[in-house]
Amino acid sequence: MTAERSFPPEERAILLTVKGVGPTVVGRLEEIGIASLADLATRDADDICTRVSLLLGASCWRNSPQSRAAIAGAIAGAKAGGEGG
């Protein structure tokens, strides 16, 4: 089994300031192979929610407005953080 990649501490801290984004959301991003703000900034919220839903074998991430809002916020935070603030 390969080691899971993780966000660098500074980038994790940026994500954790986003409303709705907590350690579980960051962990799910890492589980699907997203571990940098630069990578996250290029992603689509619907695609991420679908991938996490498939990973968990549950539709809650795909169907939840809260999950989608958290991921959209994380993407916006990644874009802002990737620009230096």
Mind checking which pairs have a first residue in the range 55-81 that is under 20 Å from Arg12 (Cβ atoms) and a second that is among the small types (Gly, Ala, Ser) and part of a loop (DSSP other than H, G, I, E, B), Cβ under 8 Å, 6 or more apart or different chains? Ala69/Gly20; Ala70/Gly20; Gly73/Gly20; Ile75/Ala41; Ala78/Ala41; Lys79/Ala41
Name the single residue that is farthest from Ile14 (Cα to Cα) among those in the range 26-44 being under 10 Å from the mean Cα position of the chain (by Cα) and among the aliphatic types (A, V, I, L, M). Ile32
Can you name every residue in the range 1-50 that is of a type in the set (D, E, K, R), in a helix (DSSP H, G or I) and surrounded by 11 or more Cβ atoms within 10 Å (Cβ to Cβ)? Glu11, Arg12, Arg28, Glu30, Glu31, Asp39, Asp46, Asp47
So if I check each of Ala45, Ala41, Ala72, Ala13, which one is out of contact with any helix residue (DSSP H, G or I) (no Cβ under 7 Å at 6 or more places or on another chain) and of a type in the set (Gly, Ala, Ser)? Ala13
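Every number here is computed from the coordinates shown, using simple stated rules; none is lab data. Only a predicted model underlies this, so the values are computations on that prediction, with no experimental measurement involved. Cβ sites come from the backbone with ideal geometry, for glycine too, and all protein chains shown count toward neighbours.
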